[in-house]
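Sharing a structure below in C-alpha cells format, with a few things to ask.
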C-alpha cells in the first residue's frame, strides 16, 4: 500500500510545479500503487545534473509504494524533442542510440529498485512499439486525433514557429504526437496512470492525456511536472564555471568535481536545492536551514547538499574520498587518498613533473620550492621553511635542509606542496 500522501511531501520539497487534476491525483496516490513514467532522451551515454530532479521524484514515489516505468526513447531519440530547444537537434544513428540506452539503464539502476517487489521499476523503450508501425498506419490511427491547432498552441511548438531563423521541421513537430502515443501505450500495456517530467514537458504530457481520452481510454490519466534545475537568476544549472556539463558518469565528471559543484552553490539557491535533492526528512532539513541562516559563512547547507547528492549519485565511499580531496585544499590529511582522488585538483592547482629516478636519489625541499615557484629564491624558500610557512602533503616542514625521496609521496605519484594558507602546487612523479 502507498505510504501517506506523497504528493503533499513532493510539493513541500519543491519537486512539483504543475499537475493535472491535483485532488484526484492525490487521492489516487494515497489509495493504490500507481504505475508512472518519466522519459529520458538517450542523447548521451550519461544523464546529467539536471536529470537529478526527475530522478529524485521517481525515487521518492517508488519508496512511497508506486511503480516507476523509466522510458528511454530509442525511437523518439532519433528525432529529438523540440521542448526548450532553440534549434534542431542532431539526429543519432541506431548503434549510438543503443549504446546510450544501455548506459542510461545502468545509471538508473543506482537510483531505482529493479528487483522483484510489486512496485519494482521496469525500463521501457518506445522503439519496441514504434518499430513495426508504418507511417500511413500511424497517421490514420493516431495522427487524426490531435489537431494542428491544438499542437500549435503548445509553448514548445509555438516558440519555435515564432523564430523565423530556426523554425521547426516536420520531424520535430511530430515529436509531441509520438510522446503522446507513448503515454497511451504505457496505459494500455502497464496500467500507467501518471506521466512526470520537467516543466518544459507540460505540452507533451497533456497531449498524451488528450490522446488517451480521444482513443477511448476509460480511466483518467494524470500529468505532473517538476521545476527545471535553474538558479535564482533563472539560468540553467548543471555546468561548471569552465562551461562543462556536470554529468552523473564518474568518468565524465569525477566525484570530486561533482562534490565541488554542489559545494559552491550560491546561498540564494541552496535552501531550495537541499529540500529537492537531499534524502533527509523535511524536519531535519528545516533545522539545518535554520542553523545555516545563523552563519552563512559556515556554508552548512552547501556542505550537506554536496555530501548528500554525491552519495546519492556515486555512493558513500566515493563521497568520502571527494570530501577528503576537498579537505586537502583546506589543509586536510592525504591519508587514504589515491592519485584518482587528487587528479581533479590538477584542473585548479598548478602542477609540474619530476622524474622518479631523481626523486629516489633525493631532491632538496628548498630546491623544489624554487623549481615550483613557491619560493622566489633559495634564500626566500629557506625563510619560508624557518617561519613555518611550508607544508609537504599538508604536514608542516621544519627542516630547511630536508630532502624529499620516494617516502615523501602523498599518493602513488603525487606530492602536494603548500606555501602559506592558499598557495598549492602538485608535483607529479613520472617513470
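Output the residue which, of all residues in the stretch 393-414 that are under 14 Å from residue 342 (Cβ atoms) and touching a helix residue (DSSP H, G or I) at 6+ places or on another chain (Cβ under 6 Å), is surrounded by the fewest Cβ atoms within 10 Å (Cβ to Cβ).
Within the stretch 393-414, the match that is surrounded by the fewest Cβ atoms within 10 Å (Cβ to Cβ) is 412.
For the stretch 364-377, give me each residue that is touching a strand residue (DSSP E or B) at 6+ places or on another chain (Cβ under 9 Å) and over 14 Å from residue 399 (Cβ atoms).
Those that are touching a strand residue (DSSP E or B) at 6+ places or on another chain (Cβ under 9 Å) and over 14 Å from residue 399 (Cβ atoms): 371, 372, 373, 374, 375.
Next question. Take the stretch 397-431 and flag every residue that is in a loop (DSSP other than H, G, I, E, B), in contact with a strand residue (DSSP E or B) (Cβ under 7 Å, 6 or more places away or on another chain) and in contact (Cβ under 8 Å) with a residue 60 or more places away in the chain.
Residues satisfying the conditions are 410, 413, 431.
Which one is surrounded by the fewest Cβ atoms within 10 Å (Cβ to Cβ) among residues in the stretch 293-303 that are assigned to a helix (DSSP H, G or I) and touching a residue at least 12 places away in the same chain (Cβ under 8 Å)?
Within the stretch 293-303, the match that is surrounded by the fewest Cβ atoms within 10 Å (Cβ to Cβ) is 296.
Does the stretch 204-226 contain at least one residue that is assigned to a helix (DSSP H, G or I), under 16 Å from residue 308 (Cβ atoms) and at pLDDT below 95?
no
In the stretch 124-145, which residue that is outside any loop (DSSP other than H, G, I, E, B) and modelled with pLDDT of 85 or more is surrounded by the fewest Cβ atoms within 10 Å (Cβ to Cβ)?
128
Look at the stretch 309-329 and say how many of its residues are surrounded by fewer than 16 Cβ atoms within 10 Å (Cβ to Cβ) and not in a helix (DSSP H, G or I).
1
While we're looking at this one, here's another question. Within the set of pairs 6 or more residues apart or between chains, which connect a residue that is outside the structural domain of residue 62 (by TED's automatic domain parsing) and without any contact (Cβ under 8 Å) to a residue 24 or more places away in the chain inside the stretch 267-287 to a residue that is surrounded by 21 or more Cβ atoms within 10 Å (Cβ to Cβ) and not in a helix (DSSP H, G or I) with Cβ atoms less than 9 Å apart?
284/278; 285/278
Can you go through 290, 306 and tell me which one is in a helix (DSSP H, G or I) and free of Cβ contacts under 8 Å to residues at least 12 places away in the same chain?
Only one candidate qualifies: 290.
If we keep just the residues of the stretch 45-75 that are surrounded by fewer than 23 Cβ atoms within 10 Å (Cβ to Cβ) and at pLDDT below 90, which is nearest to residue 238 (Cα to Cα)?
74
The values are calculated or read from the model by the stated rules, or taken from the named source; none is laboratory data. If you're wondering where the values come from, they're calculated on a predicted model, not measured in any experiment. Here Cβ is always computed from backbone atoms with ideal geometry, including for glycine, and neighbour counts include all displayed protein chains.
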